[in-house]
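Working notes for the structure below.
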Amino acid sequence: MNVAQLQKSIKEYAASIGIDKIGFTTAAPFLELKNRLRRQQELGYQSGFEESDIEKRTEPVLLLDRAESILSIAIAYPSKMEGSPKGKRGERRGIFCRASWGMDYHHVLREKLQLLEEYISEWLPDAKMRSMVDTGELVDRAVAQRAGIGWSAKNCSIITPEFGSYVYLGEMITNIPFEPDIPMEDQCGDCTLCLDACPTGALIQGGQLNAQRCIAFLTQSKKPIPEEFRAKIGNRVYGCDTCQTVCPKNKGKYNLHQPSFEPEPELTKPLLVPMLNLSNREFKETYGHMSGSWRGKNPIQRNAILALAHFKDESSVPVLAELLVKDPRPVIRGTIAWALGEIGSSEGKAAIERAILQEEDPEVRMEMEKVLETNQRKC
């Protein structure tokens, strides 16, 4: 089998194992991307989760000796959930973003790429391959754009005509000289809905994101969320879908065909108060199979507290008051102090007045004092 025949066969095999799109591009350097990443680094717009070495992110030959081509794959995930539970007074719910519904996509895509590697090895036993999903050095979106999977949109997602931007991406570098596919032309046009709708102004301009302001990043950070963003988190416990849900190209794209990513309603829209006392073990047993669990329970519980503040849920005050005294984590206690201030009940104020007498962490005390001073001015 020659390379052209193998390429055609790979596309057919990919479809048979549940890969929704596959494209091919060269292993040439991503020169334009390299300049953009340097600028992002200079501006301090990076999240800190990405590979710090820009050369590795843009030079595939540094990752695989004699690299010739890159395969890009896309698997669609659902944007719609059947049987979505409704929150109500006393039973408020949070929401995990769509990219965390169902099974952790890292595992699913790695499995598909492993199957592709095994398939290629059957025909070319000496072929060299290196696959990665999201946490690898390469920029998934840049590879997908050049491989013709979709176009790089103003909301910094890859948009496909078939599935919108609701796709997971992965890639494989190989030393096989496959014929590259043609990149897709930009189809965003003059639309700026995603930029206009971003809750924190994280989308600086089309295709440029300040990750430090992005809610998706903020919900994953383990640090206290800066005060200017807390009220904007809403009831999101992980991630943010706003720039996708407002996109006209995503209208009617439900993508319900992948069983691995079928959402579990009670987990994707969890009750907030029960989340607050989960142990590490309980959290892993309940949410460990979801990609949104990768940072552990601490950021999720902090976000759940912010969500209770968003709802001004007075029924949660007794639980929050107890944790304000007993929880060993300063980030949690500081967030609770702010949340009690937002809820604004007399019971919450009294809880802060009691807790501040034993609080030793200076930042937590500062949060408490700020709430009490604000309350005093209102009186």
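The residues on offer are GLY292, GLY341, and the sole one that is within 30 Å of TYR105 (Cβ to Cβ) and either crowded, with 21+ Cβ neighbours inside 10 Å or in contact with a helix residue (DSSP H, G or I) (Cβ under 8 Å, 6 or more places away or on another chain) (or both) is GLY292. May I ask you to list the residues in the range 94-109 that are in contact with a strand residue (DSSP E or B) (Cβ under 7 Å, 6 or more places away or on another chain) and either farther than 16 Å from ASP134 by Cβ or of a type in the set (D, E, K, R) (or both)? GLY94, ILE95, PHE96 - these are the residues of the range 94-109 that are in contact with a strand residue (DSSP E or B) (Cβ under 7 Å, 6 or more places away or on another chain) and either farther than 16 Å from ASP134 by Cβ or of a type in the set (D, E, K, R) (or both). Look at LEU256 and say whether it is under 30 Å from GLN187 (Cβ atoms) and hydrophobic (A, V, I, L, M, F, W, C). So LEU256 fits the description; yes.
Which residue is surrounded by the most Cβ atoms within 10 Å (Cβ to Cβ), if the candidates are limited to the range 168-200 and must be aliphatic (A, V, I, L, M) and in a helix (DSSP H, G or I)?
Among those that are aliphatic (A, V, I, L, M) and in a helix (DSSP H, G or I), it is LEU195.
Looking at the range 232-246, which of the residues that are farther than 18 Å from PRO78 by Cα and buried (at least 20 other Cβ atoms within 10 Å of the Cβ) is nearest to the chain's Cα centre (by Cα)? Looking at residues that are farther than 18 Å from PRO78 by Cα and buried (at least 20 other Cβ atoms within 10 Å of the Cβ), I get VAL237. Output the residue which, of all residues in the range 18-52 that are within 22 Å of the chain's Cα centre (by Cα) and acidic (Asp, Glu), is farthest from SER165 (Cα to Cα). Per the criteria, the residue is GLU51. Do we have any residue at all in the range 324-336 that's surrounded by 15 or more Cβ atoms within 10 Å (Cβ to Cβ), in contact with a strand residue (DSSP E or B) (Cβ under 9 Å, 6 or more places away or on another chain), modelled with pLDDT of 95 or more and assigned to a helix (DSSP H, G or I)? No: the range 324-336 contains no residue that is surrounded by 15 or more Cβ atoms within 10 Å (Cβ to Cβ), in contact with a strand residue (DSSP E or B) (Cβ under 9 Å, 6 or more places away or on another chain), modelled with pLDDT of 95 or more and assigned to a helix (DSSP H, G or I). Among residues of the range 1-56 being surrounded by fewer than 16 Cβ atoms within 10 Å (Cβ to Cβ) and among the β-branched types (Val, Ile, Thr), the one that is modelled with the highest pLDDT is ILE17.
Does ARG66 satisfy the criteria of being part of a helix (DSSP H, G or I), outside the structural domain of ASN250 (by TED's automatic domain parsing) and of a type in the set (D, E, K, R)? No. For the range 337-379, the set of residues classified as assigned to a loop (DSSP other than H, G, I, E, B), farther than 16 Å from LYS223 by Cα and either under 28 Å from the mean Cα position of the chain (by Cα) or touching a residue at least 12 places away in the same chain (Cβ under 8 Å) (or both) consists of GLY344, SER345, ILE356, GLN358, GLU359, listed by residue number. Here ASN255 meets the list (1) crowded, with 16+ Cβ neighbours inside 10 Å; (2) out of contact with any Lys or Arg (no Cβ under 9 Å at 6 or more places or on another chain); (3) farther than 20 Å from GLY296 by Cβ almost entirely, failing just condition (2).
Considered as a group, the residues in the range 258-278 that are of a type in the set (S, T, N, Q) and farther than 16 Å from TYR238 by Cα include one that is surrounded by the fewest Cβ atoms within 10 Å (Cβ to Cβ), and that residue is ASN277. Once the range 69-107 is narrowed to residues that are aromatic (Phe, Trp, Tyr) and not in a loop (DSSP other than H, G, I, E, B), the residue that is nearest to GLN7 (Cα to Cα) is TYR105. Across the range 1-37, the number of residues qualifying as among the charged types (D, E, K, R) and in contact with a helix residue (DSSP H, G or I) (Cβ under 6 Å, 6 or more places away or on another chain) comes to 1. Checked against the criteria, GLY164 does not count as on the phi > 0 side of the Ramachandran plot, in contact with a strand residue (DSSP E or B) (Cβ under 7 Å, 6 or more places away or on another chain) and crowded, with 18+ Cβ neighbours inside 10 Å.
The values are calculated or read from the model by the stated rules, or taken from the named source; none is laboratory data. All values reported here derive from a predicted model rather than from experimental measurement. A quick note on method: Cβ atoms are made from the backbone with ideal geometry, for glycine too, and the neighbour counts reach across all protein chains shown.
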